[in-house]
1. List, please: which pairs have Cβ atoms under 9 Å, are six or more places apart or on different chains, and start with a residue in region B:688-711 that is facing chain A (nearest Cβ under 7 Å) and end with one that is of a type in the set (Phe, Trp, Tyr) and exposed (fewer than 14 other Cβ atoms within 10 Å of the Cβ)?
2. Which fully enclosed strands (runs of 3 or more DSSP E) of region A:265-331 have 1 or more residues being within 13 Å of chain B (Cβ to nearest Cβ), under 14 Å from the mean Cα position of the chain (by Cα) and of a type in the set (A, V, I, L, M, F, W, C)?
3. Out of the residues in region A:193-215 meeting the condition of being facing another protein chain (nearest Cβ under 9 Å) and free of Cβ contacts under 8 Å to residues at least 40 places away in the same chain, tell me which one is nearest to residue B:711 (Cα to Cα).
4. Yes or no: residue B:608 of a type in the set (Val, Ile, Thr) and either surrounded by fewer than 10 Cβ atoms within 10 Å (Cβ to Cβ) or part of a loop (DSSP other than H, G, I, E, B) (or both)?
5. Among the residues of region B:584-603, which ones are more than 21 Å from residue B:654 (Cα to Cα) and loosely packed, with under 12 Cβ neighbours inside 10 Å?
6. Take region A:174-195 and flag every residue that is in a strand (DSSP E or B) and touching a Phe, Trp or Tyr at 6+ places or on another chain (Cβ under 7 Å).
7. Quick one: count up the residues across region A:300-348 that are in contact (Cβ under 8 Å) with a residue 40 or more places away in the chain and on the phi > 0 side of the Ramachandran plot.
Amino acid sequence: DVSVTLTAVPRNYDPALHPFEVPREYTRALNAAKLERVFAKPFLSSLDGHRDGVNCMAKHPKSLSTVLSGACDGEVKIWNLPKRQCIRTIQAHEGFVRGMCARFCGTSFFTVGDDKTVKQWKMESPEYGEEEEPIHTILGKTVYTGIDHHWKDAVFATCGQQVDIWDEQRTSPMCSLTWGFDSISSVKFNPIETYLLGSCASDRNIVLYDMRKSTPLKKVILNMRTNTLCWNPMEAYVFTAANEDYNLYTFDMRYLESPMRVHMDHVSAVLDVDYSPTGKEFVSASFDKSIRIFPVDKGHSREVYHTKRMQHVITVKWTADSKYILCGSDEMNIRLWKANASEKLGVLAPREKAAMNYNQKLKEKFQYHPKIRRIAQHRHLPKSIFCQIKEQRIMREARRRKELNRRKHSKPGSVPVVSERRKHIVAVVK
Amino acid sequence: MAEDWLGVEAAVSASEGEDEGQEDDERRHQRLLEAVSSLSGRRRRKLAERTEASVQVSEFNVSCKGAGEKLVLSELLKPIKPKSALGSVKKELSRVKQKKAVELPLSKEEAKRVVREAAYVTTSKDVGKWQEVVLQNRRAEQLVFPLKQEIATVVPLEQVASAWKARTPLEQEIFGLLHRTKQPITDPLLTPEETASLQAMSLEEARQRRAELQKARALQSYYEAKARREKRIKSKKYHRVLKKSKRRKALKEFEQLHKSDPKAALAKLEELEQLRMQERMSLKHQNKGKWARSRAIIAKYDMEARKAMQEQLAKNKELMQKVQVELPEEEPADVPEDLPSLPIPTGASGANPWMLGKPSDPAQEPEVQEGPGDMEVSGAVERKEEMEEEEEEEEEMSEEEALLQDFEQKRQARQQRAGSPEEQGADETEAVLEQPGASPVHPVCAEGEQVSTAGGEEQPQQAQEEEILLSEQLERVQTLEDVEALASKEQVEEQEMLVAPRTEKPAATRAKKRVQQQEDSRAGDKHAKNPPAKKKKKKMISLQAVLSGKAQDVQCPTMPVVVEEEDGGTDQRRVITEAFAGDDVVADFRREKRKAEEESKPQPLSLVLPGWGEWGGTGLRPSARKTKKFLLKPPPAPPRKDQHLPHVILSEKRNIHATAHQVSELPFPFERHQQFEQSIRTPLGSTWNTQRAFQKLTAPRVITRAGHIIQPISAEDLPSTATAAGTGAKPGLEAVPREPQQPFNRLRK
């Protein structure tokens, strides 16, 4: 047929006819690496409208285009991402909106604030003539600092002085879980084994709870305070904790004696962490005015995003289609980033897609070659972060040297070698 | 209460019966008191009555004689007769006595801790069932998210609309208007009957129907293609035969028409008469045209030209023949063939089959002869005996079909040679469909039957025809003249035939001969040319060998080692020399160095292209002048660094310019440099791989789709083996033992 003969390109794959495969592919890989850097424009837009720093965000469980944010002045805004518009504004609390979460069905959402209240709101904007009012308001005795909703049942958990688990229909908690007395900064439900809870308190510990037995399970005490944690949505027993000591720790909840991996790159306290829905990567927000993307199985970040105007990033979310990242920062803006900096948005032609895949594989294949690695790994950093990194490198080196010297000049065995993973764990309490 | 009361009454009446003295009075009084007290609602325990006089009375109404004595527990257990039945119990009792008091209950903290530990162990076991899935996902070549592919369902409009209500004044106004005009607001998109009918058709039926439609469409396209192809066919013979068959058809139709509607048949006959008149008027077949005149000049010497002219005349004659109108319906039988190009040989000129320009074929000749004869008969003579005629016609039809099939097969053969096997198959099916052309069944409806018959009946037919074809070819191409004659007449056919295997034979043999001759001549050349070259080579090699041998001989005696050996020094040295007695290390080293030097010398580059400016081919070598001209001698290499260092070889292979691009140390996941090199060496691109392999090689690790929400993994994604609690978790854990102090290990102990 004519159509077949037009499209079919006869090829001879005899290797003698196509010499120099390695050099040719190397050149292609080099070009691909260069182009990737050329096209790396991750910043999409910023959503402005808040009148104070953005303190918390929540994803809509059923709609990709909707995102909720709560600010330090008690205002909650609902955004339409494709239009980059605020579609609804609620004055939810007096003082900070400490935490917010959407119900698993997406019909309502909860907020907690400094005014010791938990409020439930409808996701839909009020009808004509209706007033903007919460569906339920629960007045507590103490300040709530965080909230998370169960992934399947009508149950949510708040944290403050203790972890409270609430039935949506009741005004008093079903049960309160405590272990010692300290303010708990965040609580998160496990998305897979939904009866599991993780919390982190300001006395430097991470505590796991089992909702079925209404008992805490285990406690890990780290060197410094953990700000938040996030469960891996694809691996039931893995969670990552964002720590004040600039690092993130990925734990296997079955073996808490040492973290699976220590992720270091930030140069200031890590304030928030969120997993990609694929469970392969996570994004972290830091006080050092940048966000970083870490592969779960790597100790260092693959990407760092920053802009001149972005201040301390307080909250970060990875969207449910795994394509975008949202971060809310001190200077009242929410920023929308691409998760893959050089990815082309929109529909790709088959040939484009094939070329993209090929380039990706080439980059992977030649990633160890110095020239390509140099190009692929190059990132621009603001001077402040750059200098801090340098400074910390020097400090780390000095510490290492000192330890080496101490070991050298003391009785053999008296200064044991402690691996990086174990170094940051103070104790595990049963 | 009531029962109590009755009971009391009964008791009172009973007591009155046995009235005896004061004691009785006292007792009665007592009872009365009791009865009264029991009225208060609370039942009181009846106090025991003392019937025996004794000093010590226990509250349980037992008199105890030996109250002062101490009772020992063991005495109680002692039997009256000394028997060892309770000995074991006694022993146990004594043991119990020796034991300490029960421990205090755990402190609250401790208790909580125990609970926590137990809970942690069970929970981590629960969570462990995911291990297998997690590991599988981590190792997976490709992951596609979302894990569960959801099928988007469209919510019907009515459902969406029913939940919505008009609230704002504007909306209400609009709805008021709509209601007033009684517009249907929520029309069901489908009536119940329609939905029922939709449901009635099952998926299978729908599929079947779709398949049928597809088939019909394919057939239609086949037929269209066929028609187009036929239209393009240039062979005159083919068209001739085709027309003939058409004519037959028309004849038959006409007869039928005559039977059914004689009036219409008459009208048609008149039309035909008209055509005949036209032919008579025109000078078309009278050999008076330009071409005919030119032919006439040539005809004297050329048989073919003469033949062509005769054909023309015959045609004219035939066309002008008056149709005998005995019975009006039979006349047109011949006239419909009037179309000018029909070469029906008339008795005088056309009867000679050799003049037809057909391939002479013993098998077909009689048939061919018969064909025209029949035509004549049918054209001129009686049509009354319809039965006979029909038979004849059938025969003719079969001949024509055979001819048509010939063409078809020839074409097929051609296409098979050119096209892919699939096309070939398609053509075969076409041919199958064409063959029963006598019965004009509608393709779509008849298709199924035809296909069914194809396997059984048609193939033998084809085989027969193939045989016929083959025989034809054998006859035709016996001599070269035959082939040439064919070439002059039927180019198309000739082309077809030439490629067929048997026709090739003579040509092939001839070609072979030629090739052989050439080869022979070349071989001769080779023999003539090669020996001197070989000799030269041999000479060269021998020279080098001699040179190298000499060098060795010269270098060997200068060895210091050898001198030492002769000296016969210390024991160690002797040992070493004994150990290395067989091999001459220093000489080896020198040889090695010389080799390295040779290799590092730049090689001359030959840019000679054989065949440019002179004859080329196998066995021919470019001239000496040319080789000299195009042999590029490189500039001499810079002096080696180890030139003056007799005991050192400095390798100069390292390319400084390339090192910037090379990996200096083995990257992490690889364990050997061979592995890494292998990974680099295998190309990924479509230049080196087939399309399928390319797609496989470049498949991305993780695929996500824009606009699809990826839900966390859920219990449904767990394989069934893993969900069985405990047992499923084990293999995964055993596969990856991480640390000695795992909770599970403890559990297993």
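1. The qualifying pairs are B:688/A:13; B:690/A:13.
2. Hits in region A:265-331: A:313-318.
3. Filtering region A:193-215 for residues that are facing another protein chain (nearest Cβ under 9 Å) and free of Cβ contacts under 8 Å to residues at least 40 places away in the same chain, the one nearest to residue B:711 (Cα to Cα) comes out as A:195.
4. Values: of a type in the set (Val, Ile, Thr): yes; either surrounded by fewer than 10 Cβ atoms within 10 Å (Cβ to Cβ) or part of a loop (DSSP other than H, G, I, E, B) (or both): yes.
For residue B:608, the condition - of a type in the set (Val, Ile, Thr) and either surrounded by fewer than 10 Cβ atoms within 10 Å (Cβ to Cβ) or part of a loop (DSSP other than H, G, I, E, B) (or both) - is met.
5. Once the filter is applied, which keeps residues that are more than 21 Å from residue B:654 (Cα to Cα) and loosely packed, with under 12 Cβ neighbours inside 10 Å, region B:584-603 yields B:585, B:588.
6. A:177, A:188, A:189
7. Of the residues in region A:300-348, 2 are in contact (Cβ under 8 Å) with a residue 40 or more places away in the chain and on the phi > 0 side of the Ramachandran plot.
Conditions (1) within 14 Å of chain A (Cβ to nearest Cβ); (2) over 21 Å from residue B:596 (Cα atoms); (3) in contact with a strand residue (DSSP E or B) (Cβ under 8 Å, 6 or more places away or on another chain); (4) exposed (fewer than 10 other Cβ atoms within 10 Å of the Cβ), marked per residue:
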position: B:634; (1), (2), (3), (4): no, no, yes, no
position: B:645; (1), (2), (3), (4): no, no, no, no
position: B:648; (1), (2), (3), (4): no, no, no, no
position: B:653; (1), (2), (3), (4): no, no, no, yes
position: B:659; (1), (2), (3), (4): yes, yes, no, no
position: B:665; (1), (2), (3), (4): yes, yes, no, yes
position: B:670; (1), (2), (3), (4): yes, yes, no, no
position: B:676; (1), (2), (3), (4): yes, yes, no, no
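The values are calculated or read from the model by the stated rules, or taken from the named source; none is laboratory data. Because the structure is a prediction, the values reported are computed rather than measured. Reconstructed Cβ throughout: ideal geometry from the backbone, glycine too, with neighbour counts over all protein chains shown.
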